[in-house]
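Asker: Starting off with a structure, shown below.
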Amino acid sequence: MIEHLLHINHVCKHFGGNVAVSDISFSVDEKQIFGLIGPNGAGKTTLFNCISGFFPVTSGDIIFDNKIINKLRPDEVCHLGMARTWQRVKPLGSLTVLENVMIGAFSITNATRKAEEIAFEQLGLVGLSDYATKPAGSLSIGLKKKLELARVLATRPKMLLLDEICGGLNLTETDTILDIIREVRRKGATIVFIEHDMKAVTAICDWIVVLNSGEKLAEGRPEEITRNPDVIEAYLGGGQNA
Amino acid sequence: MKQVTIIAIIAGIAAVLPLVTGESPYFIGVMISVLMMAALSSAWNILGGYAGQYSFGHAAYFGAGAYTTLIMISTFNFNPLGGMVAGIIVACIIALVTGSIVFRLRGHYFGLASIAVAEIVRLSALNFEFTGGAQGILLSDVSLWGVDLNSKLPFYYGMLLVLVVSLGITLYMRSSKTGFYLQAIREDQDAAASLGINLSFYKNKALLISAALTSVLGSLYAVYIRFIDTSAVLDLRLSIEIILTAIIGGVGTLWGPAVGAVLLVPLAEVLRSNVIGEALVKHGIVSEKSGLGIFFKDNLAHAHVLVYGIITVLCILYLPKGILGLFRRTK
């Protein structure tokens, strides 16, 4: 049997009578760039919240690095080496950019100086070094997304969950972020990434799972997914030309 | 200049102040109030200012220190220091129970729950027999290692010491992992959790430090005044005064709470004793018989809470980041 880094096993998530995620299973291999796509309300972010420990699952198991993690708190999941970003960015607004990233770095060190060192390194990687002393709240959306990325990278994760990291960005900014993601993978991390932007997804992902109304609609390599009639219908609506 | 140096210089000045001014009991009395409020507010600031958890129930920890100390001294013949240690233990137990319940709540709900817990403590003290109920506890003469505790000076230095310790802890924390984590919790709890911060552990840590310091101040106060009842040490008013001092000085800053206390406590004193109103009449600026004179001489003294309230509202309206917020450089 192949070792999967992350294994989602028949996961369901209900909110009262509302089924947000229904019996989803898939596996993510090490060093993969894995895309999770689907129209609005498909359950992508809900699934992310379950994986990262923010929501308890209704049933099913989430196995990360051979451990069942669906009963763990978000901070415990982070310490196992899984870090997430947020679709609606959550900068720690009154702290500086550097301090934001240091807080990520503190998950692997107790020393302030060491945290600062790691933080500078990550800021360099995402190209935010010039903004180190600016308050995080004052950045533009594109820079805030980069900050999110730098902050989770500072926790030295084995796996990154990126929730619409390119959402709201222009083409140049998207390209920069995709380059950073490739670089991060080259260094050995696995990436699961929710995205609306089909172009970004097909450009970068090795494997894609498509969700629709909380169910798994399809999975496969990018070129298969883009030709899958079910996916085209879910995305564009039957017969319409978008 | 380094903040440590500034703390040392100010503490040094405060330490020699009584020698310079002579032992005027009134002056020392007001200074003790200033130092106590500065220390209380600084202790609150660790939890409220840095971790962003606005506790409206800090009187509970102050009262726990005060009551435990006096009960230990009068019933079990502890010396005051032993009573103080017992007070810290009781305050920490209350803090842990409180923390485990109210830290599940966020934002305003946390504030409301903290009031509820403090009210439970107050009503318990009011109705139990060992706390003296509504009569409170009166302490006769007390001494420690032959030092006469009827004098005010030991308490002046005691309060000063706790203030310096509070400022020192705040200063150390600001540059340490705990301080960064508390600020992350203040800014965004979900983001903090996703970055590996155990929310309840760090909130409880801040609460314990804050509660322990607050209870020490309660112990000092109780032995200093030698009479306590629930309205003196467990009242919601005290909790609110602590918060106001921090807000007006500058929440989440090292010096804000101390600055707030230095301004507000003497202000309240001046208004209460109606020094200004009486001086106006005495120097003939306003005639004693005129309506204005009667207002200044009699009514204003009763209205000191009103004036204090108006000043507070103006501060909040025009200095939302506190007095220190004015001087903080925009980054």
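Read-outs throughout are calculated quantities, based only on the coordinates presented, and are distinct from any laboratory measurement. Everything numeric in this text was worked out from a predicted model, so none of it was measured. Reconstructed Cβ throughout: ideal geometry from the backbone, glycine too, with neighbour counts over all protein chains shown.
Asker: Using Cα-only point scatterers and the Debye equation, what is log10 of I(q)/I(0) for the stretch A:32-154 at each q in 0.10, 0.12, 0.17 Å⁻¹, rounded to two decimals?
Answerer: Listed by q, the Debye log ratios stand at -0.35, -0.51, -0.93.
Asker: Quote the charge dipole size of the stretch A:44-101 about the Cα centre in Debye, to the nearest 20; the model charges only the Cβ of Lys and Arg (+1) and of Asp and Glu (-1).
Answerer: Approximately 200 debye in magnitude.
Asker: Could you tell me which helices of chain B pass both thresholds, a Cα extent of 18 Å or more along their own axis and a mean Kyte-Doolittle hydropathy of at least -0.5, with helices taken as whole DSSP H runs?
Answerer: B:3-21, B:25-45, B:59-76, B:80-102, B:108-127, B:153-174, B:199-225, B:236-249, B:256-273, B:304-318
Asker: Turning to a different aspect of this structure: Can you pull a Stokes-Einstein diffusion coefficient for the stretch A:166-207 at 37 °C (0.692 mPa s), Rh from Kirkwood over Cα pairs, as a whole number of µm²/s?
Answerer: In µm²/s, the coefficient is 307.
Asker: Quote the Stokes-Einstein diffusion coefficient, in whole µm² s⁻¹, for the stretch B:1-108, based on the Kirkwood radius over alpha carbon pairs, a temperature of 4 °C and a viscosity of 1.567 mPa s.
Answerer: Result for D is 78 µm²/s.
Asker: For chain A, would you read off the P(r) tail past 32 Å as a percentage of all alpha carbon pairs?
Answerer: Counting every Cα pair in chain A, those more than 32 Å apart make up 19 percent.
Asker: Return one quarter of the surface area of the convex hull spanned by the alpha-carbon atoms of the stretch A:89-156, equal to its mean projected area, in nm².
Answerer: Value for the stretch A:89-156: 3.7 nm².
Asker: With only Lys, Arg, Asp and Glu charged, each at its Cβ (+1 for the first two, -1 for the last two), find how big the charge dipole of chain A is about the Cα centre; round to the nearest 20 debye.
Answerer: With Lys and Arg at +1 and Asp and Glu at -1, about 600 debye.
Asker: Oh, and also: Calculate how large, on average over all directions, the projected area of the Cα convex hull of the protein assembly as shown is; give the answer in nm² to one decimal.
Answerer: 34.7 nm²
Asker: Okay, moving on. Classify the stretch B:156-223 from the C-alpha gyration tensor, please: rounded if a/c falls under 1.5, else prolate or oblate depending on whether a/b exceeds b/c.
Answerer: The shape class here is prolate.
Asker: Count the net charge of all other residues whose Cβ sits under 12 Å from the Cβ of A:Glu148, scoring Lys and Arg as +1 and Asp and Glu as -1.
Answerer: Result for the local shell: +4.
Asker: Using a Cα-Cα cut-off of under 17 Å, which aspartates and glutamates could be cross-linked to B:Lys203, ignoring same-chain neighbours fewer than 8 residues away?
Answerer: The reachable aspartates and glutamates, counting only those whose Cα sits under 17 Å from B:Lys203, are A:Asp75, A:Glu76, B:Glu187, B:Asp188, B:Asp190.
Asker: Excluding residues on the same chain fewer than 8 positions from B:Lys289, give the lysines whose Cα lies under 16 Å from its Cα.
Answerer: B:Lys297
Asker: Additional query: How big is D, in µm² s⁻¹, for the stretch B:167-275 by Stokes-Einstein at 10 °C and 1.306 mPa s if Rh is the Kirkwood radius over C-alpha pairs?
Answerer: 98 µm²/s
Asker: Right, something else. When the dipole is taken about the Cα centre of chain B, and only Lys, Arg (+1) and Asp, Glu (-1) are charged at their Cβ, what size is it in debye, to the nearest 20?
Answerer: Computed about the Cα centre, the dipole is about 1000 debye.
Asker: Given A:Lys13/A:Lys67; A:Lys158/B:Lys2; B:Lys152/B:Lys321, which pairs have Cα atoms separated by over 30 Å?
Answerer: A:Lys158/B:Lys2; B:Lys152/B:Lys321
Asker: Once every DSSP H run of n ≥ 4 in chain A is given -39500 (n - 2.57) and the sum is divided by its residues, what mean residue ellipticity at 222 nm do you get, rounded to the nearest 500 deg cm²/dmol?
Answerer: -10500 deg cm²/dmol
Asker: Sticking with this one: Within chain B, what's the longest run with no GluC sites (Glu not before Pro) in a DSSP loop and at most 15 other beta-carbon atoms within 10 Å? Give the range, please.
Answerer: Here the longest run is B:130-287.
Asker: To the nearest 500 deg cm²/dmol, what mean residue ellipticity at 222 nm is calculated for chain B from DSSP H runs of n ≥ 4 alone, each contributing -39,500 (n - 2.57), summed and divided by the residues?
Answerer: That comes out to -23000 deg cm²/dmol.
Asker: Please work out the Cα center distance from the stretch A:141-209 to the stretch B:178-222, rounded to the nearest Å.
Answerer: Each part's Cα centre sits 33 Å from the other's.
Asker: Next question, about the same structure. Hey, what angle do you get for helix A:171-186 against the long axis of chain A, alpha-carbon based, 0 to 90 degrees rounded to 10?
Answerer: 80 degrees
Asker: If you only keep lysine pairs separated by 8 or more in sequence, or across chains, how many in the stretch A:89-156 come under 13 Å at the Cα atoms?
Answerer: So the count of such lysine pairs works out to 4.
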